[in-house]
Amino acid sequence: MDRFSWTSGLLELGETLVVQQRGVRLCDGEEKVKFDTGVLLLSTHRLIWRDQKNHECCIAVPLSQIVFIEEQAAGIGKSAKIVVHLHPAASNKEPGPFQSSKYSYIKLSFKEHGEIEFYRRLSEEITQRRWENMPTGQTIQVNKDPQAGRIRAVGIVGIERKLEEKRKETDKNISEAFEDLSKLMEKAKEMVELSKSIANKIKEKQGDITEDETIRFKSYLLSMGIANPVTRETHGSGTHYHMQLAKQLAGMLQTPLEERGGIMSLTEVYCLVNRARGLELLSPEDLVNACKMLESLKLPLRLRIFDSGVMVIELQSHNEEEMVASALETVSEKGSLTADEFAKLVGMSVLLAKERLLLAEKMGHLCRDDSVEGLRFYPNLFLTQS
Amino acid sequence: MHRRGVGAGAIAKKKLAEAKYKERGTVLAEDQLAQMSKQLDMFKTNLEEFASKHKQEIRKNPAFRVQFQDMCATIGVDPLASGKGFWSEMLGVGDFYYELGVQIVEVCLALKHRNGGLIMLEELHQQVLKGRGKFAQDVSQDDLLRAIKKLKVLGSGFGIIPVGGTYLIQSVPAELNMDHTVVLQLAEKKGYVTVSEIRSSLKWETERAKQVLEHLLKEGMAWLDTQAEGEAQYWLPALFTELYAQEITPEEAKEAIP
């Protein structure tokens, strides 16, 4: 295979195409090489092979290099082949895919047939040696490309150039996106400045701004994602959106809460609600802000925050303090329980089980035993048996 | 004597002046709000245009997402604050991160019995990707961190602890102070730590080291190996790599705790 040279695939002046065949694999002697699917072209001067997938990959060998050729019949699972024996490569040969080869012959494997015709024509050309009569001059364009106007860059240089163009194109797209993003951010910044100035005016006028206007302002902030500069509280809390959301949640969570003993952690609620929505999901902040309004809207649920910072939604009818009484019973029955064990017994999440036991402890009903084995709760005998 | 500034007339005049001032003040605020409303509409249009050209870029390019988030933070805007915000509605960034949040919660819950609520960002990433399936859009570790930061608001103890160039994600409301964090960082190198190592690396008293380790044991974040050669080793399941970890049931996990 070291007799081949890279070529543009363009025929030279005086060179004529004789026959071409698709689906040809090249082999270096007995060994397969990467040129496995290509179009094989026979011209008056050369044998040219062009990769079917990558048209830029194109190699050729002069017919003058051929010593003789022989046929290899097809077999079961084997394509028909032409074995081409070659002279050693000339010292002034143009660069090619291989520097050296241990074989002095190559094989042309015709995966899509066409071997018989090709062999006939190749034999003819080798016999006639027409290349000796027609010295090649400048290259002429043999444009088989249906897309005229496409940049006809070929060869390794061509491949590199194409890659460079593609890189530039990608870069241009990205930099355009960044440019647009920067411009957008400039405008967003203006909005932030304006909201600050309005907030200042509101502060100065302390209560001279109507309730309605306050709500409007908050909803503007919500749309932009700007923190409320006046109260510094969570973004746009107390807007109409959150009120609506609170009412929706009250409807949606009634049944799940009842199924879970009247209490759920806010994280559970977040997952439940968003899984149900599928689209137009709630942000964690949306959820918290809506839940904060539950009580004031006199809805049948409320938000409760434990000492540990854990946030839960409870049914109004749910009374955690009453639950503590039954928790005490359960613990007493078993002698002692960890949060894990209690959770499993009662069928609630470990997180909430722990909170209930901690609350019971806070109320003085349970005592803790804190060791490496975990946190275990016992009925508070100090209280009951003193 | 003619006293000025007093009398029914003066009071009435003052009241009138105040009323006029108030009116003017309200008008000013109204003006500005109207201006903001107009500018908001304009901005919405700009954002729509941006979205039509680059929404895909945000969706597909994690680096662009990072850039976008950073720029928002710089100017004081939180695009993930609300699902009702323009950013969320038009660029679709909201749904992307909020859904990711749900997936993170579910993964952490599923693995809690094994690692006590501590998980390496890498492992979380792998598990989340697995859960999303191969046709879902790719997410980066940066995406996970942003989603987790939002989850903190829900009060269930989500935390991000820097260790050895990456992060440990905490998903339970366990008290982890500086001492605990530092020991976790020390343990990150080998997946376990001993009292002697803590003493020599951090120059702590034995008592302090023991307290920290016992706390981690209690929380189920560390497992005790008393059969190790030399002294007892405290292993952190969160730091186990795929090589060491096997599927452990909650029952087996309980057995492992002394």
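Computed over all pairs of different Cα atoms, the Kirkwood value for the hydrodynamic radius of the range A:57-106 is 12.7 Å. The simple Förster model, with R0 at 22 Å and r as the Cβ-Cβ distance, assigns A:Asp180 and B:Arg59 a FRET efficiency of 0.90. Counting every pair of alpha carbons in the range A:234-322, the share spaced more than 18 Å apart comes to 38 percent. Pairs from the table (A:Lys196/B:Lys53; A:Lys172/B:Lys130; A:Lys247/B:Lys84; A:Lys53/B:Lys130) lying more than 27 angstrom apart at Cα are A:Lys196/B:Lys53; A:Lys172/B:Lys130; A:Lys53/B:Lys130. In the range A:320-383, one over the average inverse separation of all distinct C-alpha pairs is 11.3 Å, which is the Kirkwood hydrodynamic radius.
Shown in residue order for the range B:122-137 are the 3J(HN,Hα) couplings computed by the Karplus curve 6.51 cos²θ - 1.76 cosθ + 1.60 at θ = phi - 60°: 4, 5, 4, 4, 4, 5, 5, 4, 4, x, 6, x, 7, 9, 6, 6 Hz (x for Gly and Pro). Once backbone amide H atoms are built at 1.01 Å from N, A:Val33 has A:Asp28 as its partners under 5 Å, excluding neighbours fewer than 5 places away on the same chain.
Legend: calculated FRET efficiency, A:Leu10 to B:Thr74, from the Cβ-Cβ distance at R0 = 35 Å, rounded to 0.05, equals 0.05.
Ligands, DNA and RNA left out, the 1.4 Å accessible surface of the protein assembly as shown is 52% carbon and sulfur atoms. Computed from label points 7 Å out along Cα-Cβ, the spacing between A:Met243 and B:Lys134 is 5.2 nm.
Summarising the label geometry, the points placed 7 Å from Cα in the beta-carbon direction at A:Glu204 and B:Gln35 lie 1.2 nm from one another.
For the range B:51-171, the solvent-accessible area works out to 38 Å² per residue, with a probe of 1.4 Å and every protein chain left in place. Across the range B:75-99, no residue has a backbone nitrogen under 17 Å from the label position 7 Å along the beta-carbon direction of A:Asn173.
For the chain pair A and B, buried accessible area totals roughly 5700 Å², probe 1.4 Å, rounded to the nearest 100. By the compact-protein rule of thumb, 2.2 N^0.38 Å, the alpha-carbon radius of gyration of the protein assembly as shown corresponds to a ratio of 1.48. Across the range A:46-62, coupling constants 3J(HN,Hα) worked out from phi with the 6.51/-1.76/1.60 Karplus curve, θ = phi - 60°, read 9, 10, 10, 10, 10, 5, 5, 8, 10, 5, 6, 8, 9, 10, 8, 9, x Hz, and Gly and Pro carry x. Once the Cα atoms are used to define both axes, helix A:320-334 deviates from the longest principal axis of chain A by about 80 degrees.
For A:Cys367, the residues whose modelled amide H falls within less than 5 Å of its own, excluding neighbours fewer than 5 places apart on the same chain, are A:Tyr378, A:Asn380.
Set the bar at 23 Å for Cα to Cα. Now go through A:Lys187/B:Lys152; B:Lys60/B:Lys134; A:Lys32/A:Lys78 and name every pair that lies beyond it.
From the list (A:Lys187/B:Lys152; B:Lys60/B:Lys134; A:Lys32/A:Lys78), the Cα-Cα distance tops 23 Å for A:Lys187/B:Lys152.
Each listed q (0.12 Å⁻¹) maps to a log10 I(q)/I(0) for chain A from the Debye sum over equal C-alpha point scatterers, namely -0.98.
Taking every protein chain into account, the accessible area of the range A:270-385 amounts to 49 square angstrom per residue (probe 1.4 Å). Rounded to the nearest 10 degrees, the inclination of helix A:266-277 to the longest alpha-carbon principal axis of chain A is 50 degrees.
Dividing the Cα radius of gyration of the range B:40-169 by its Kirkwood radius returns 0.99 for Rg/Rh. The accessible-area loss of the range A:250-284 on complex formation, taken against its chain alone with a 1.4 Å probe, reaches 50 Å² or more at A:Thr267, A:Tyr270, A:Cys271, A:Arg275, A:Leu281, A:Pro284.
Each 10 Å bin, from zero up to the one with the longest distance, holds this percent of the alpha carbon pairs of chain B: 6, 23, 22, 15, 12, 8, 6, 4, 2, 1, 0.
The values are calculated or read from the model by the stated rules, or taken from the named source; none is laboratory data. Fair warning: this is a prediction, and the values are worked out from it, not measured in the lab. So basically every Cβ, Gly included, is an ideal-geometry build from the backbone, and we count neighbours across all protein chains shown. These area figures cover heavy atoms from the full protein model, side chains too; ligands, DNA and RNA do not enter into them. Shrake-Rupley method; radii C 1.70, N 1.55, O 1.52, S 1.80 Å.
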